[in-house]
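**Student:** Dumping the structure here so I can ask a few things about it.
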Amino acid sequence: MTGTGPVEYRQLYIGGELTDPHGEDVIEVVSPHTEQVIGRVPHASAADVDRAVAAARRAFDEGPWPRLTLDERIEVVGRIKDGIAARHDEIARVISSENGSPYSWSVLAQALGAMMVWDTAITVARGFPHEEARAGVLGRILVRREPVGVVAAVVPWNVPQFVAAAKLAPALLAGCAVVLKPSPESPLDAYLLGEIARDAGLPEGVLSILPADRDTSEYLVGHPGVDKVSFTGSVAAGRRVMQVAARNLTRVTLELGGKSAAVVLPDADVESTVAGVVPAAWMNNGQACVAQTRILLPRSRYDEFAEAFTAAAGALVVGDPLDPATQVGPLVARRQQQRSLDYIRIGQEEGAKILTGGSTPADLDRGWYVEPTLFGDVDNSMRIAREEIFGPVICLLPYGDESEAVKIANDSEYGLSGSVWTADVERGLGVARQVRTGTYSVNTFSLDMLGPFGGYKNSGLGREFGPEGYGEYLEHKMIHLPAGWEG
């Protein structure tokens, strides 16, 4: 971000209009690079949630949005997508300033990636069977998919626009109304989204944006006027969301944590494997739920691969997130910096060996930075191999044969992502079919937005993206048809 002082927003985006907040509490947004305040926004209260949910209920129960044709909704959502594309550089810079994401990564993943989510959601909605006739046991039936209602979308600070798009795009296309709750660490980009949505012509009440802390989030999740909660965050928070939503039997989608394993098979090429795994491991400063934080190496080639990974990690450029040359920026908050440093200490106490990094950068006297850190000789029973650190701390784990590699990859409470690296794609597919995760890659690392994304085990419930993710915002209705009626 540029300018002479903090960005100030004094109103909340409720039902499509900037509205004075009920209370006077303020969220201060602090740059993880300069440690200075770069923005202030109102802190939404329970009373603001009540207003936003009431506006959403009116919009859904009585307003035009769910009653428009799909093509009419696509026209509006398409303008939101175009607005994000037009302002992608601004969005990327704001997010990098908020959470420390390297600018080069922000452009591709935070901004243009979000635009792609909106775009592919349109593609999915166009091809989705919203209504189909079937031959039933007792006669013909009609199966309809109808919007679930009012959605509470709670998004994290690490990829705020991307995750917001994953929830908002299918929900809006389905005909739902949405109350979006951005993280207090990254509310500024949400205001840009509000401006874009308003300019796109969303009807009154369809979208509200309420920056707030955990208490207000819990009030929103437990609100009786909400029909569906879509949450992205930690496992602990996800459990709480599920518990609170259960009081009203509110439908829940949870996208939670990960401790994903990149399995390097003995026939893998060193150069291409390291080039593919390193950005997947340290992506977004390690602040990514899908990051490949456990790298499994064959003992027969462990030293060779460990040396190459150490050199590549040590060469990563650390610095100002707005510098295009930066590959690893600061962590979002001091608590996250301390968390990574604590795990580095724990890893050493457990007997793992630091191959590179292990501290704060000596040449940076401010900002919440942690050096890209690589541990070697890690056992999968160690805490650094089992717990999600959410920072630039990566583990190398040796294994014997392929079956042991699969066993180690599956020996986790998480099951979100993973990858395998090999000269034999068919062999890689064999590994991919055995590892229990929601997404997997062979000789690459990617997240295709036309396919389902989500986790096994403690990594979550439900799916985002693709027809599976779109279907999370729809109810299924069966209509029995009279005998002889053909339609």
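**Student:** Of the numbered conditions (1) surrounded by 17 or more Cβ atoms within 10 Å (Cβ to Cβ); (2) out of contact with any Ser or Thr (no Cβ under 8 Å at 6 or more places or on another chain); (3) under 17 Å from Leu296 (Cβ atoms), Gly428 fails exactly one; give the number of that condition.
**Tutor:** Exception for Gly428: condition (2).
**Student:** Let me ask something else about it. Report, by residue number, each residue of region 185-200 that is under 20 Å from Asp89 (Cβ atoms) and either outside any helix (DSSP H, G or I) or under 18 Å from the mean Cα position of the chain (by Cα) (or both).
**Tutor:** Selection gives Ser186, Pro187, Leu188, Asp189, Ala190, Leu193.
**Student:** Out of Leu296, Leu316, Leu220, which single residue is more than 21 Å from Ser340 (Cβ to Cβ), among the aliphatic types (A, V, I, L, M), touching a residue at least 24 places away in the same chain (Cβ under 8 Å) and not assigned by TED's automatic domain parsing to the domain that holds Leu172? Let's see the steps before the verdict.
**Tutor:** Values: Leu316 fails: more than 21 Å from Ser340 (Cβ to Cβ); Leu220 fails: not assigned by TED's automatic domain parsing to the domain that holds Leu172.
Just a single option satisfies the conditions, and that option is Leu296.
**Student:** For Ser359, only one of the following conditions fails: (1) closer than 25 Å to Arg386 by Cα; (2) part of a loop (DSSP other than H, G, I, E, B); (3) touching a Gly at 6+ places or on another chain (Cβ under 8 Å); (4) not β-branched (Val, Ile, Thr). What is its number?
**Tutor:** (3)
**Student:** Could you tell me whether Gly462 is touching a residue at least 12 places away in the same chain (Cβ under 8 Å) and either more than 30 Å from Ala171 (Cα to Cα) or more than 15 Å from the chain's Cα centre (by Cα) (or both)? Please lay out each step first, then the result.
**Tutor:** Numbers: touching a residue at least 12 places away in the same chain (Cβ under 8 Å): yes; either more than 30 Å from Ala171 (Cα to Cα) or more than 15 Å from the chain's Cα centre (by Cα) (or both): no.
In short, no.
**Student:** Being part of a loop (DSSP other than H, G, I, E, B) and either closer than 18 Å to Val117 by Cβ or hydrophobic (A, V, I, L, M, F, W, C) (or both) is the filter here; which residues of region 433-454 pass it? Working first, answer last.
**Tutor:** We begin by selecting, within region 433-454, every residue part of a loop (DSSP other than H, G, I, E, B); these are 435-440, 443-452, 454.
Val435, Gly438, Thr439, Phe445, Ser446, Leu447, Asp448, Met449, Leu450, Gly451, Pro452, Gly454 - these are the residues of region 433-454 that are part of a loop (DSSP other than H, G, I, E, B) and either closer than 18 Å to Val117 by Cβ or hydrophobic (A, V, I, L, M, F, W, C) (or both).
**Student:** So for region 76-89 (the condition being touching a Cys at 6+ places or on another chain (Cβ under 8 Å) and farther than 27 Å from Asp365 by Cβ), does at least one residue qualify?
**Tutor:** Residues of region 76-89 that are touching a Cys at 6+ places or on another chain (Cβ under 8 Å), as a first pass: none.
No.
Okay, residues lined up against (1) touching a Phe, Trp or Tyr at 6+ places or on another chain (Cβ under 6 Å); (2) at pLDDT 95 or above; (3) aliphatic (A, V, I, L, M):
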| position | (1), (2), (3) |
| --- | --- |
| Val420 | no, yes, yes |
| Phe445 | no, yes, no |
| Glu468 | no, yes, no |
| Met478 | no, yes, yes |
| Glu486 | no, no, no |
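**Student:** If I filter region 407-429 down to residues being without any contact (Cβ under 8 Å) to a residue 40 or more places away in the chain and part of a helix (DSSP H, G or I), which single residue comes out as nearest to Ala385 (Cα to Cα)?
**Tutor:** We begin by selecting, within region 407-429, every residue without any contact (Cβ under 8 Å) to a residue 40 or more places away in the chain; these are 407, 410-411, 425-426, 429.
So of that shortlist, the ones also part of a helix (DSSP H, G or I) come out as 407, 410, 425-426, 429.
Values: Lys407: 14, Asn410: 12, Val425: 27, Glu426: 28, Leu429: 24 Å.
Across region 407-429, the extreme among qualifying residues is Asn410.
**Student:** Ok, one more. Quick one: which residue in Val226, Val163, Val235 is more than 19 Å from Gln287 (Cβ to Cβ) and either touching a residue at least 40 places away in the same chain (Cβ under 8 Å) or of a type in the set (Lys, Arg) (or both)?
**Tutor:** Details: Val163 fails: more than 19 Å from Gln287 (Cβ to Cβ); Val235 fails: more than 19 Å from Gln287 (Cβ to Cβ).
The conditions single out Val226.
**Student:** Kindly list the number of the only condition in (1) surrounded by fewer than 24 Cβ atoms within 10 Å (Cβ to Cβ); (2) on the phi > 0 side of the Ramachandran plot that fails for Gly205.
**Tutor:** Result: Gly205 fails condition (1) only.
**Student:** Go through region 103-140 and report how many residues are touching a strand residue (DSSP E or B) at 6+ places or on another chain (Cβ under 7 Å), under 25 Å from Pro66 (Cβ atoms) and either surrounded by 13 or more Cβ atoms within 10 Å (Cβ to Cβ) or aliphatic (A, V, I, L, M) (or both).
**Tutor:** 2
**Student:** Which condition number in (1) farther than 30 Å from Gly367 by Cα; (2) touching a residue at least 40 places away in the same chain (Cβ under 8 Å) is the one that Arg134 fails?
**Tutor:** Against the list (1) farther than 30 Å from Gly367 by Cα; (2) touching a residue at least 40 places away in the same chain (Cβ under 8 Å), Arg134 comes up short only on (2).
**Student:** Can you name the condition, by its number, that Pro182 falls short on among (1) free of Cβ contacts under 8 Å to residues at least 40 places away in the same chain; (2) over 18 Å from the mean Cα position of the chain (by Cα)?
**Tutor:** With (1) free of Cβ contacts under 8 Å to residues at least 40 places away in the same chain; (2) over 18 Å from the mean Cα position of the chain (by Cα) applied to Pro182, the lone miss is (2).
**Student:** Follow-up. What number of residues within region 11-37 satisfy the criterion of being among the polar types (S, T, N, Q) and buried (at least 17 other Cβ atoms within 10 Å of the Cβ)?
**Tutor:** Within region 11-37, the first condition is being among the polar types (S, T, N, Q), and the residues that meet it are 11, 19, 31, 34, 36.
Next, only the ones that are buried (at least 17 other Cβ atoms within 10 Å of the Cβ) stay: 19, 31.
Number of matching residues: 2.
**Student:** Considering only region 234-342, give the strands (runs of 3 or more DSSP E) lying wholly within it that have at least 2 residues that are more than 18 Å from the chain's Cα centre (by Cα) and buried (at least 18 other Cβ atoms within 10 Å of the Cβ). Write out each step before concluding.
**Tutor:** Values: elements: 251-255, 261-264, 294-298.
So the answer is 261-264, 294-298.
**Student:** Within region 358-388, restricting attention to residues that are crowded, with 16+ Cβ neighbours inside 10 Å and closer than 23 Å to Val29 by Cα, which residue is farthest from the chain's Cα centre (by Cα)?
**Tutor:** The extreme case among them is Thr360.
**Student:** Oh, and also: Filter region 241-258 down to the residues that are closer than 27 Å to Ala409 by Cα and not hydrophobic (A, V, I, L, M, F, W, C) and list them by number.
**Tutor:** Thr253, Glu255, Gly257, Gly258
**Student:** Output the helices (runs of 4 or more DSSP H) that fall wholly within region 22-121 and possess 1 or more residues being under 21 Å from the mean Cα position of the chain (by Cα) and of a type in the set (S, T, N, Q), or say none.
**Tutor:** Values: elements: 46-61, 70-86, 88-99.
Result: 88-99.
Condition check ((1) within 26 Å of Pro160 (Cα to Cα); (2) touching a residue at least 40 places away in the same chain (Cβ under 8 Å); (3) not assigned by TED's automatic domain parsing to the domain that holds Met283) across all residues:
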site	(1), (2), (3)
Ala333	yes, yes, no
Arg339	yes, yes, no
Ala352	no, yes, no
Gly358	no, no, no
Trp368	yes, yes, no
Glu371	yes, yes, no
Glu387	yes, yes, no
Val393	yes, yes, no
Ala405	no, yes, no
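The values are calculated or read from the model by the stated rules, or taken from the named source; none is laboratory data. None of these values were measured; they are calculated from a predicted model. For neighbour counting, all protein chains shown are included, and Cβ atoms are generated from backbone atoms with ideal geometry for every residue, glycine included.
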